[in-house]
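A.B. asks: Let me begin by handing over the structure; questions about it come next.
The values are calculated or read from the model by the stated rules, or taken from the named source; none is laboratory data. Nothing here was measured: the structure is a model prediction, and the numbers come from that model. Cβ placement follows ideal geometry from the backbone for every residue including glycine, while neighbour counts extend to all protein chains displayed. Protein only, heavy atoms only, side chains kept; ligands, DNA and RNA dropped before computing areas. Shrake-Rupley method; radii C 1.70, N 1.55, O 1.52, S 1.80 Å.
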Amino acid sequence: MSFTEQVLNRPRPEGVHDIICRPERQSYSPSPVDWRDQVLYFLLVDRFSDAREDTRPLLDRHNLEAGRRRWPDGRPWRWDQWAHSGAHRWQGGTIKGVQSKLGYLKRLGVTTIWLSPVFKQRGHLDTYHGYGIQDFLDVDPRFGTRRDLVDLVAAAHGEGLYVILDIVFNHSGSNWLYPPDTPGGMYEAVYNPTGPYPFGAWRDGRGDPAADIASPDDGVWPTELQHADCYTRAGTGDMGKGRIDDPNAEHKRSDFCDLRDFDLDRPYVLSDISRCYKHWIALTDCDGFRIDTLKHVTDEQARNFCGAIQEFAASLGKQNFFLVGEIAGGDYAQDYYLHSLNRNLTAVLDIGEMCPILSGVARGLRSPKDYFGGFNPNAKGMGSHRNLGQRHVSILDDHDHVYGDKIRFSSEASCEHQVAAAVALQLFTLGIPCIYYGTEQALAGPEPAEREWLPAWKRSDCYLREAMFGPEHPRASGTRGLHEPDVNLPGFGPFGTAGRHCFDENHPAYRRIAAAAAVRMKYPALRSGRQYLRSISFLNKPFDVYGPGEIVAWSRILDDEELLCVLNAHGTERRSADVVVDTSLNPAGTGTMTVVLNTAQVAEAARFSGPHPAGSTVPVNRTGDGRAFVRIQNVPPAEILVLANHP
């Protein structure tokens, strides 16, 4: 019997030292050779799918009111209730729901699925996001079972897809309380810079103080973490305060609100948490971890944890197990941890300064120099790491938006497919691209005329977390939500609706992104080639880089192959330009480049009659001083062309 079956046929282990056997030398799926070849897709399990979309209609985006029905007793639709549902309730997405959408994701061009944390949360709390873990060795029952997770990974591997689990080793959930007389109270004590507070009490399954841990819903599991000294007990401080290289900085000792900080310097704490996550690798055969709040542990703790995970994965045959860190604080912080951890950390999420720049260039609001300058190996911060292409995961939207307003790109887009232009920038420039769930459906929240009624619009994370599957109602609050819905609230469905899903493979953004991802997969130069921002000329202007809102052009070159990417960054007007290409790779007189992608044509299919259809060629011309260029004409707003010299 395999290790997996032995584990699943027994109750979940109570302690990491109770795991029944060692899994080495059994059969496991190997890691990708190069993570640059992957397209990641990040989803919140609670907000993605419940596998029951066939019981609900597809959302009609031209009739959103149909998804805002009055209540049976005549009460009208209320925006405060829709927003409350999104901010404070589980919506009902499941692991089986994710499995039901593997075909949808594969046809989009996704190759790797990144799941939000699926580990057991406290039953009485509505931590649908998954970052408040109560049991590090079990799956939350609202998401499914350990068997469901194993089956999902196996099914994904059967489709040629990889799976990344989101993990936390900086803190646990709100599993215990400070003494009642602690400054600030039991739940979020005032930060104590001089030492630990006394331990108060564990919380039982209802959240009340308990002297002992008497059931699987009490306190924290595994048993190795059931000791007061496993926790820093310093209260809640400023998560941005202190130098990043100071192991005693406030942001490294503080609880994360009421999520309890681990004291990772205590003997065995770090190794026991590492054992938990080694167990999940062996049990599920997953392919990588996204590591939450990595900035809030010291670089030595991070190095030891990541090294232990990498070595264990290698012992299973996963030589390139993916470890990507979430590091708030911008380019400097990301660069610091990449340097400090070196080979122990594969990459970081590029969630700092580059996020709003990427968004701004794609909207036509910033110069392309701002974005491509971020890859300069001589620049401070992340430039040298981005220039490698292997050490950053490109992010457009995510569940937090630590930089800028907390709304999705499409909330203020000029057209419904403009987000596909932003994703194309991710797909066709250096790095490992990541698509956030719903981006391919241009999720944007309610229409602008309704947003004045939304509490904390642009300030609350909830507007980044619509439920694609369109539940009628959310789960009830607390432990009731384990078994029943809250029929007094609407589900937090897409575009300010309930009871309508939006898995639409004919949506203009989905179709464009799928086509762009297919071209990326076909041409290695788009994944690992050198990158050059190209000068353009229009209206008799000299060749230079222009913007915002003009043609953005860049080449990816691998050996003798050049792929020229052309984006019209203007959201409402057509653009034309002459674009420089490599002179040595494109011979004078006879050279041509062939269009291999035209996203406007993808959208219109047989009805397309515009310039530069796929398969057409563009001659390579010469300027008076010998530079090679191609003439690009009338690119529609927010559309992409890709041309190849060796199609």
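A.B. asks: Measuring with a 1.4 Å probe in the full set of protein chains, what accessible area per residue, in whole Å², belongs to region 97-249?
C.D. replies: In whole numbers, region 97-249 has 34 Å² accessible per residue.
A.B. asks: For a test of the definition: using alpha carbon positions, the gyration tensor, and the 1.5 limit on a/c, classify region 13-137 as rounded, prolate or oblate. List each step's numbers first, then the result.
C.D. replies: Details: a/c = 2.92, a/b = 1.55, b/c = 1.88.
It comes out oblate by the Cα gyration axes.
A.B. asks: Now a separate question. Can you tell me which of 218-231, 61-74 comes out highest on packing, and rank the rest after it, using the mean Cβ neighbours within 10 Å?
C.D. replies: Sorting 218-231, 61-74 by mean packing, highest first, produces 218-231, 61-74.
A.B. asks: May I have the pair-distance distribution P(r) for region 247-343, computed from all Cα-Cα distances with 10 Å bins from 0 and rounded to whole percent?
C.D. replies: 14, 47, 33, 6
A.B. asks: State whether region 506-647 is rounded, prolate or oblate according to the following rule on the C-alpha gyration tensor (a ≥ b ≥ c being the square roots of its eigenvalues): a/c under 1.5 gives rounded; otherwise a/b larger than b/c gives prolate, and the remaining case gives oblate.
C.D. replies: Oblate shape, in that a/c is at least 1.5 and b/c is the bigger or equal ratio.
A.B. asks: Would you list which aspartates and glutamates come within 15 Å of LYS241, measuring only between C-alpha atoms, while excluding same-chain residues fewer than 8 positions from it?
C.D. replies: Cross-link targets: GLU250, ASP255.
A.B. asks: With a probe of 1.4 Å, find how much accessible area region 300-347 has per residue, and write the answer as a whole number in Å².
C.D. replies: 36
A.B. asks: Using the Cα atoms of region 478-563 to build a convex hull, what is its mean projected area in square nanometres?
C.D. replies: On the way: hull surface 45.8 nm².
Its Cα hull, projected and averaged over all orientations, spans 11.5 nm².
A.B. asks: How big, on average over all directions, is the shadow cast by the Cα convex hull of region 384-467, in nm²?
C.D. replies: Working: hull surface 23.8 nm².
Over all viewing directions, region 384-467 projects a mean Cα-hull area of 6.0 nm².
A.B. asks: Per residue of the chain, what 222 nm ellipticity follows from adding -39500 (n - 2.57) for every DSSP H run with n ≥ 4, rounded to the nearest 500?
C.D. replies: -6500 deg cm²/dmol
A.B. asks: Additional query: For LYS541, list the lysines whose Cα falls under 27 Å from its own Cα; do not include residues on the same chain fewer than 8 positions away.
C.D. replies: Here the lysines satisfying the reach criterion relative to LYS541 are LYS369.
A.B. asks: What is the distance in Å between the Cα centroid of region 160-209 and that of region 479-542?
C.D. replies: So the two Cα centres are separated by 36 Å.
A.B. asks: Write down, largest first, the equivalent ellipsoid semi-axes of region 419-468 in whole Å, where each equals the square root of 5 times an eigenvalue of the alpha-carbon gyration tensor.
C.D. replies: 26, 11, 10
A.B. asks: OK, next. Highest first, please rank the peptides 598-608, 505-515 by the mean number of other Cβ atoms sitting within 10 Å of their residues.
C.D. replies: Highest mean packing first, the order is 505-515, 598-608.
A.B. asks: At 7 Å along Cα-to-Cβ for each site, give me the label-to-label distance between SER340 and GLU484 in nm.
C.D. replies: With each label point 7 Å from Cα toward Cβ, the separation is 4.9 nm.
A.B. asks: Applying 1/(1 + (r/R0)^6) with R0 = 35 Å to the Cβ-Cβ distance of THR583 and SER414, what FRET efficiency is obtained, to the nearest 0.05?
C.D. replies: Numbers: r = 35 Å, r/R0 = 1.01.
Between THR583 and SER414 the formula returns 0.50.
A.B. asks: On average, how much accessible surface per residue is there in region 391-517, in Å², for a 1.4 Å probe, leaving out ligands, DNA and RNA? Walk me through the numbers before you get to the answer.
C.D. replies: Details: 3640 Å² over 127 residues.
Per residue, region 391-517 has 29 Å² of solvent-accessible surface.
A.B. asks: What is the distance, in nm, between label points placed 7 Å from the Cα along the Cα-to-Cβ direction at SER609 and at LEU558?
C.D. replies: Using points 7 Å along Cα→Cβ, the separation is 3.8 nm.
A.B. asks: Using each residue's phi in region 295-308, evaluate 6.51 cos²θ - 1.76 cosθ + 1.60 at θ = phi - 60° and report the 3J(HN,Hα) Karplus result to the nearest Hz, with x for Gly and Pro.
C.D. replies: 4, 8, 10, 5, 5, 5, 4, 5, 5, 5, 5, 5, x, 5
A.B. asks: Going by average Cβ neighbours within 10 Å, how do the peptides 32-38, 374-380, 425-431 rank, with the highest at the top?
C.D. replies: The most tightly packed comes first, giving 425-431, 32-38, 374-380.
A.B. asks: To the nearest 10 degrees, how steep is helix 146-158 against the longest Cα principal axis of the chain, on a 0 to 90 scale?
C.D. replies: Rounded to the nearest ten degrees, it is 20.
A.B. asks: How large is ³J(HN,Hα) for each residue in region 77-82, as worked out from phi by the Karplus curve 6.51 cos²θ - 1.76 cosθ + 1.60 (θ = phi - 60°), to whole Hz, x for Gly and Pro?
C.D. replies: My calculation for region 77-82 gives 4, 10, 5, 5, 6, 4 Hz in order.
A.B. asks: Follow-up question, since we're still on this one. What fraction, in whole percent, of alpha-carbon pairs in region 70-186 exceed 24 Å separation? Let's see the in-between values first.
C.D. replies: Numbers: 3029 of 6786 pairs.
Result for the distance tail: 45 percent.
A.B. asks: What pairs from LYS278/LYS318; LYS120/LYS278; LYS96/LYS120; LYS318/LYS380; LYS120/LYS406; LYS101/LYS318 go past 23 Å between their alpha carbons?
C.D. replies: From LYS278/LYS318; LYS120/LYS278; LYS96/LYS120; LYS318/LYS380; LYS120/LYS406; LYS101/LYS318, over 23 Å: LYS318/LYS380; LYS120/LYS406; LYS101/LYS318.
A.B. asks: Could you give the Stokes-Einstein D for region 452-496 in µm² per second, using the C-alpha Kirkwood radius, 10 °C, 1.306 mPa s?
C.D. replies: Taking Rh from Cα pairs, D becomes 137 µm²/s.
A.B. asks: Moving on. How big is the C-alpha Rg of the chain next to the rule-of-thumb value 2.2 N^0.38 Å, as a ratio? Let's see the in-between values first.
C.D. replies: Working: Rg = 25.4 Å, N = 647, 2.2 N^0.38 = 25.7 Å.
Scaled against compact globular proteins, the figure is 0.99.
A.B. asks: Then there's this: Note the angle between two axes, namely the Cα long axis of helix 330-341 and the longest principal axis of the Cα atoms of the chain, as a number of degrees from 0 to 90, rounded to the nearest 10.
C.D. replies: 70
A.B. asks: Accessible area of the chain with a 1.4 Å probe: how many percent of it is carbon plus sulfur? Don't skip to the end; give the middle numbers.
C.D. replies: Details: 11650 of 23870 Å².
Reported share for carbon and sulfur atoms: 49 percent.
A.B. asks: Also, I was wondering about something else. Could you run the Karplus curve 6.51 cos²θ - 1.76 cosθ + 1.60 with θ = phi - 60° over region 65-72 and give me ³J(HN,Hα) per residue in whole Hz, x for Gly and Pro?
C.D. replies: These are the phi-based 3J(HN,Hα) values: 4, 5, x, 10, 6, 6, 6, x Hz.
A.B. asks: Mind pulling the per residue volume of the convex hull built on the Cα atoms of region 366-424? Å³ is fine.
C.D. replies: Hull volume over Cα atoms, normalised by residue count, gives 110 Å³.
A.B. asks: What's the center-to-center distance, using Cα atoms, between region 287-331 and region 243-281 in Å?
C.D. replies: Spelled out, the Cα-based centre of one part sits 13 Å from the other.
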